[in-house]
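One structure is given below, encoded as structure tokens.
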Amino acid sequence: MKPPRFDYVRAHSLAEVTHTLAAEGGDARVIAGGQTLVPMLSMRLARPKVLIDIMGLSELARIEATENGLRVGAAVRQATLLAHPDLARLQPLLAAALPWVGHAQTRNRGTVCGSIAHADPSAELPLVLVALGGEVHLAKRWRQRSVAAEAFFLGLMSTARADDEFVAGVTFSAARAGQGFAFREFGRRHGDFAITACAAVVDERSTRLAVGGVADRPVARTWENLDGTALEDALNDFAYSLDARDDLHASARLRRDLVRKLGAATIAEARRCRV
Amino acid sequence: MPRLTSDARHKVSFTLNGHAVTAEAEPRLLLTDFLRHVVGVTGTHVGCEHGVCGACTIQIDGQPARACLTLAVSIEGADVRTVEALAPRDAEPGRLSVLQEAFRRHHALQCGFCTAGILMSLDAFLRDNRDPSEAEVREYLSGHLCRCTGYVPIVAATLDAARELRDGGFNV
């Protein structure tokens, strides 16, 4: 398992990245931490002609608390964000979910934006972004745009990013007073991709639950605060709406049951965590 | 802009176990193969080649990382440590680091294929965690597969090494 041939560009400016993408289009791929793209190269699932390495760009290595939330640049590694001293205060859901992303050894290299750009339906970071209603910042030559998380993920490893664009950053909404957050995951082993993962965001009026690993992308639903059988019915409807499939790891029925049980447990935990 | 072409070898300069090294790599060469076949340092083992098994784990700028998920050309200027760096260099032959010695004492390896990667992870882990719990060790070990030991002796060796290092041992 060795990667196919490609040219390698070590970018020294954002303009170099966007110019190369404009010139090469779909034949170029941006590489950051490489924790997903390198195995895809080795398995020949990706065959770009050019790789553009963005890890040398200090302007993409920033974590900024803005009025919209926590903005994380494309060169920020998962371990760096997890080690941010204010993370649990700025966005507790990220602090809860990041330890479930891969293993310590892959978080040391893998980036936050790389996981989001890859859009694996069972990955934790896309799920958190959808749960929080965050934004993805796409850059191309002369132009930038921001896409809401739920409009960014289109399907299995498929996103709204055009060939000449790259994910320059993402913004996770900041935690507000009165909100509670929780994250839970069911997998074969810690560090594996989730069979089903749930992220809950609750406040005094509403309950929002996002589910990963069931549909072809992370999906969220928001309800007025429900309890008892009304909540059970809502979770059951949600579970069936996700069109779960059988695969090697779990049956569709188990996945639906996980949405009901894990979803209810996650919502209950988020309500207990409300501040 | 510097574009390394696919069909040529390009100079890569980095620090390997404290020594400056310059060698040549095609852009597609993985760091595992670069270390083993070009540089000639074969302590790093190649297992699954897609980041799952952890056998190829080394330290890049002090942090454990998968060599098989790293392109050789991307470590330009980096500080790389492999298992060869663990045993004290100037001591008598056969002397091991505290962690390695604990592995031997506890029979924390049988076939040894996974061991180099596990040692490089735990070496960094013990540097940052002076007094780890068993649960923390097991969580950190979840990034490694060992098919011989069942992990019990690996965990025991790690906790024993941590104790010894707290008592003033020196892990180099």
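Here is how the numbers come out for the structure above:
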quantity	calculated
Test set (1) in a helix (DSSP H, G or I); (2) within 14 Å of chain B (Cβ to nearest Cβ) - A:A75 fails condition number	(1)
Looking only at region A:70-120, and only at residues there that are among the hydroxyl-bearing types (S, T, Y) and touching a residue at least 40 places away in the same chain (Cβ under 8 Å), the one that is farthest from B:G62 (Cα to Cα)	A:S115
Residue in region A:200-212 that is in a loop (DSSP other than H, G, I, E, B), more than 24 Å from A:R274 (Cβ to Cβ) and not assigned by TED's automatic domain parsing to the domain that holds A:T20 present	no
Filter result for B:L69 (among the aliphatic types (A, V, I, L, M) and either farther than 21 Å from B:H144 by Cβ or more than 9 Å from every other protein chain (Cβ to nearest Cβ) (or both))	no
Filtered residue count, region A:176-215, keeping only those that are modelled with pLDDT of 95 or more and under 20 Å from A:W100 (Cα atoms)	21
For A:M40: the one exception among (1) in a strand (DSSP E or B); (2) surrounded by 14 or more Cβ atoms within 10 Å (Cβ to Cβ); (3) out of contact with any Asp or Glu (no Cβ under 9 Å at 6 or more places or on another chain)	(1)
Answer residue from region A:1-17, given it is buried (at least 23 other Cβ atoms within 10 Å of the Cβ) and not in a strand (DSSP E or B) and is farthest from the other protein chains (Cβ to nearest Cβ) among those	A:V17
Test for A:T222: is it hydroxyl-bearing (S, T, Y) and either open to solvent by 60 Å² or more (accessible area, probe 1.4 Å) or in the same structural domain as A:A151 (by TED's automatic domain parsing) (or both)	yes
B:R95 open to solvent by 10 Å² or more (accessible area, probe 1.4 Å), touching an Asp or Glu at 6+ places or on another chain (Cβ under 9 Å) and either of a type in the set (D, E) or not in a helix (DSSP H, G or I) (or both)	yes
Count - residues of region A:236-249 that are of a type outside the set (D, E), modelled with pLDDT of 95 or more and more than 22 Å from the chain's Cα centre (by Cα)	2
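Per-residue answers, yes or no, for (1) within 15 Å of the chain's Cα centre (by Cα); (2) surrounded by 17 or more Cβ atoms within 10 Å (Cβ to Cβ); (3) farther than 26 Å from A:V50 by Cα; (4) in the same structural domain as B:C114 (by TED's automatic domain parsing):
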{"position": "B:T5", "(1), (2), (3), (4)": "no, no, no, no"}
{"position": "B:L16", "(1), (2), (3), (4)": "yes, yes, yes, no"}
{"position": "B:H19", "(1), (2), (3), (4)": "no, no, yes, no"}
{"position": "B:T22", "(1), (2), (3), (4)": "no, no, no, no"}
{"position": "B:E26", "(1), (2), (3), (4)": "no, yes, no, no"}
{"position": "B:T32", "(1), (2), (3), (4)": "yes, yes, no, no"}
{"position": "B:L35", "(1), (2), (3), (4)": "yes, yes, no, no"}
{"position": "B:V41", "(1), (2), (3), (4)": "yes, yes, yes, no"}
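The values are calculated or read from the model by the stated rules, or taken from the named source; none is laboratory data. Since the model is a prediction, treat every value here as computed from it, not as a measurement. All Cβ positions, even for glycine, are placed from backbone atoms using ideal geometry, and neighbour counts span all protein chains on display. Areas reflect the complete protein model, heavy atoms only, side chains present, ligands, DNA and RNA absent. Shrake-Rupley method; radii C 1.70, N 1.55, O 1.52, S 1.80 Å.
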